[in-house]
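*Asks:* Take a look at this one; I'll ask things after.
The values are calculated or read from the model by the stated rules, or taken from the named source; none is laboratory data. Everything numeric in this text was worked out from a predicted model, so none of it was measured. Cβ: placed from backbone, ideal geometry, glycine included. Neighbour counts: every protein chain shown. Only protein heavy atoms, including side chains, enter the accessible area calculation; ligands, DNA and RNA are left aside. Shrake-Rupley method; radii C 1.70, N 1.55, O 1.52, S 1.80 Å.
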Amino acid sequence: MSQLHVINHPMIQHKLTIMRKKETGSKDFRQLLNEISLLMGYEVTRDIPLEPVEIETPICPMKAAKVSGRKLAIVPILRAGMGMVDGLQMLVPVARVGHIGLYRDENTHKPVVYYCKLPEDIQDRLVIVTDPMLATGGSACDALEMLKKRGCNNIRLMCLVGAPEGIAKVQAEHPDVDIYLAAVDERLNENAYIVPGLGDAGDRIFGTK
Ligand code: PRP
Ligand code: URA
């Protein structure tokens, strides 16, 4: 069973509260999402292995630590997942970035794929899939399936707000994928929007409504 990590650090909760407010504009929304992504990135990468490296400080040689082993890829689910990439890349500047384009059909609420471009060696990397909203879980599950078809076997899902329905779906279909969230909200409404949520993340990031 995949683990659910709810990162309820006070600074993350404070920033999320501002994002949820309907009067918060796109500029602040984007900035806060990036800040939270960097902070959440600490937890998502917490158990990445280190290896010793010999270096010299201005004072003397020392055995220091550096991140070892598997390389990392960040894969945002377009569009809204893009809003979490800069924050994560501040933490891991060498991470490669792939893109999976999905949108939810307004009537069926089912995801439709329109784009997929991934690093060539994606199967050798630890992959962090980003999307602020985990609602029905349809988009996340489809993206995870696409990555597994490309051979990925070390994937983490990093979202901001999740609904119980979406969490349950990902855990049922992808029990090997750990989920990282800043908040678990109450439920979905009749339009499959998260309640209380923060509205349409893509529209709020890009100012399209
Ligand atoms: C939103 C969100 C997720 C998806 C979540 O994207 O960013 O990708 O909905 O819903 P689900 O869990 O029910 O699949 P949307 O389809 O609105 O596209 P956008 O990011 O381009 O706005
Ligand atoms: N997509 C969003 O952007 N918000 C929701 O609440 C659900 C899906």
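*Asks:* Do we have P119 as without any contact (Cβ under 8 Å) to a residue 40 or more places away in the chain and surrounded by 18 or more Cβ atoms within 10 Å (Cβ to Cβ) here? Break it down stepwise before answering.
*Replies:* Numbers: without any contact (Cβ under 8 Å) to a residue 40 or more places away in the chain: no; surrounded by 18 or more Cβ atoms within 10 Å (Cβ to Cβ): yes.
So P119 does not fit the description; no.
*Asks:* Quick one: in the stretch 106-116, of everything that is in contact with a Gly (Cβ under 9 Å, 6 or more places away or on another chain) and open to solvent by 70 Å² or more (accessible area, probe 1.4 Å), which residue is modelled with the lowest pLDDT?
*Replies:* The residue in question is K110.
*Asks:* Further question: Go through the stretch 105-154 residue by residue and tally those that are of a type in the set (D, E, K, R) and outside any loop (DSSP other than H, G, I, E, B).
*Replies:* Kept after step one, since they are of a type in the set (D, E, K, R), are these residues of the stretch 105-154: 105-106, 110, 117, 120-121, 124-125, 131, 142, 145, 148-150.
The next check asks that each one be outside any loop (DSSP other than H, G, I, E, B); those that pass are 117, 124-125, 142, 145, 148-149.
Residues that pass the stated criteria total 7.
*Asks:* Are any residues in the stretch 160-192 within 11 Å of ligand 2 (Cβ to nearest atom), crowded, with 18+ Cβ neighbours inside 10 Å, assigned to a loop (DSSP other than H, G, I, E, B) and of a type outside the set (D, E, K, R), and if so, which ones?
*Replies:* L160, A163
*Asks:* So which residues in the stretch 61-87 are outside any strand (DSSP E or B), without any contact (Cβ under 8 Å) to a residue 40 or more places away in the chain and open to solvent by 60 Å² or more (accessible area, probe 1.4 Å), if there are any at all? Steps first, please.
*Replies:* To start, the set of residues in the stretch 61-87 that are outside any strand (DSSP E or B) comprises 68-70, 79-87.
The next check asks that each one be without any contact (Cβ under 8 Å) to a residue 40 or more places away in the chain; those that pass are 68-69.
Scanning the stretch 61-87 gives a single hit, G69.
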